[in-house]
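Engineer: Got a structure for you, written out below as structure tokens; questions coming shortly.
The values are calculated or read from the model by the stated rules, or taken from the named source; none is laboratory data. Quantities reported herein were computed from a predicted structural model and do not represent experimental measurements. Cβ sites come from the backbone with ideal geometry, for glycine too, and all protein chains shown count toward neighbours.
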Amino acid sequence: MLRKLNSVVKDLILVSRIAYIIYPFRKLLLFLYNLSELTVWINRNKRNTGSNDFFRLTRNYHERLNGFAFIADKYQLENKPVSYFEFGVASGVSFEWWLQHAKHADSKFFGFDTFEGLPEDWGLFFKKGAMAHDMKAIADERHHFVKGIFQDTMRNFVNENRAILHLDQRKVLLFDADLFSSTIYVLTQLYPYLRTGDVLIFDEFNVPSHEFYAMKIFQDCFYVKLRPVSAINNFYQTAFEIEKI
């Protein structure tokens, strides 16, 4: 018995030493794991979307607007009331596009951003504070901006706007905050108010350890089923309809 116990202890020590050695590479290992998951996911879903430009050699960021147009047309949002939430407004290009194309008077638009740049580093090239923009002045009275880090603003927003969140109209959520932490936080906060048929758009979906990772954890932990309906720029901008929640 003592001999067996000593063997177990030695094995644990060996494992801990190996873990200590690979600790500095943990982010790289997580990235490679998520990259493999993303690659498999794309190959399984590349023919399952109504609009898809896979595979293409170059990325045209402005073609994301074509993805918005496809969604607006598919769900006939131009003349139906919609609740639109954008997380990561930046310069406001996407936000204004939706204001201009979802014309119903009862549509509501909410834009969330620090307007002071990223709250943390994103990858190797975008550091904390990058992509800062001034809060844009917009004449359309249907819109409202919420300034600050999502983790500081979402709880109050939800508490003060439950009636809007419960409205019987389709929700469109655009996730353009880039970061895993921002995306997963918003998904978990709004989960109680999402319904079948709502649309989730991820603007940097094929970045393995950020929006893709957040979507995967959200589906796995909440048993939500998302159906891909649009993919632009090799799944860089990807839209989903909530099929089961």
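Engineer: Restricting to the stretch 16-50, give me the number of residues that are over 11 Å from ASN234 (Cα atoms) and in contact with a strand residue (DSSP E or B) (Cβ under 8 Å, 6 or more places away or on another chain).
Structural biologist: Total meeting the criteria: 4.
Engineer: Of the conditions (1) part of a helix (DSSP H, G or I); (2) under 30 Å from GLN76 (Cα atoms); (3) not small (Gly, Ala, Ser), THR153 fails just one. Which one is it?
Structural biologist: (2)
Engineer: I'd like the full set of residues that are of a type in the set (Phe, Trp, Tyr), on the phi < 0 side of the Ramachandran plot and part of a loop (DSSP other than H, G, I, E, B), limited to the stretch 113-131.
Structural biologist: Passing the criteria: only PHE125.
Engineer: Does GLU120 count as under 19 Å from the mean Cα position of the chain (by Cα) and touching a residue at least 12 places away in the same chain (Cβ under 8 Å)?
Structural biologist: yes
Engineer: Also, I was wondering about something else. When you scan the stretch 94-112, how many residues do you find that are among the basic types (Lys, Arg), part of a strand (DSSP E or B) and touching an Asp or Glu at 6+ places or on another chain (Cβ under 9 Å)?
Structural biologist: Adding up the residues that qualify gives 0.
Engineer: Scan the stretch 131-148 and give yes if some residue there is touching a Lys or Arg at 6+ places or on another chain (Cβ under 7 Å), without any contact (Cβ under 8 Å) to a residue 40 or more places away in the chain and under 17 Å from ASP178 (Cβ atoms), otherwise no.
Structural biologist: The answer is no, given that none of the residues of the stretch 131-148 is touching a Lys or Arg at 6+ places or on another chain (Cβ under 7 Å), without any contact (Cβ under 8 Å) to a residue 40 or more places away in the chain and under 17 Å from ASP178 (Cβ atoms).
Engineer: On the given criteria, is THR196 out of contact with any Phe, Trp or Tyr (no Cβ under 7 Å at 6 or more places or on another chain), at pLDDT 95 or above and of a type in the set (Ser, Thr, Tyr)? I'd like the intermediate steps shown before the answer.
Structural biologist: Details: out of contact with any Phe, Trp or Tyr (no Cβ under 7 Å at 6 or more places or on another chain): yes; at pLDDT 95 or above: yes; of a type in the set (Ser, Thr, Tyr): yes.
The answer is yes for THR196.
Engineer: Could you go through the stretch 133-149 and let me know if any residue there is in a helix (DSSP H, G or I), within 20 Å of the chain's Cα centre (by Cα) and either surrounded by 12 or more Cβ atoms within 10 Å (Cβ to Cβ) or at pLDDT 95 or above (or both).
Structural biologist: No, every residue in the stretch 133-149 fails to be in a helix (DSSP H, G or I), within 20 Å of the chain's Cα centre (by Cα) and either surrounded by 12 or more Cβ atoms within 10 Å (Cβ to Cβ) or at pLDDT 95 or above (or both).
Engineer: Let me ask something additional. Considering only the stretch 71-91, state which residues are within 19 Å of THR196 (Cα to Cα), touching a residue at least 24 places away in the same chain (Cβ under 8 Å) and over 15 Å from the mean Cα position of the chain (by Cα).
Structural biologist: The answer is ILE71, ALA72, LYS74, TYR75, LEU77, LYS80, PRO81, VAL82, SER83.
Engineer: Among the residues of the stretch 171-219, how many are closer than 13 Å to PHE240 by Cα and in contact (Cβ under 8 Å) with a residue 40 or more places away in the chain?
Structural biologist: 16
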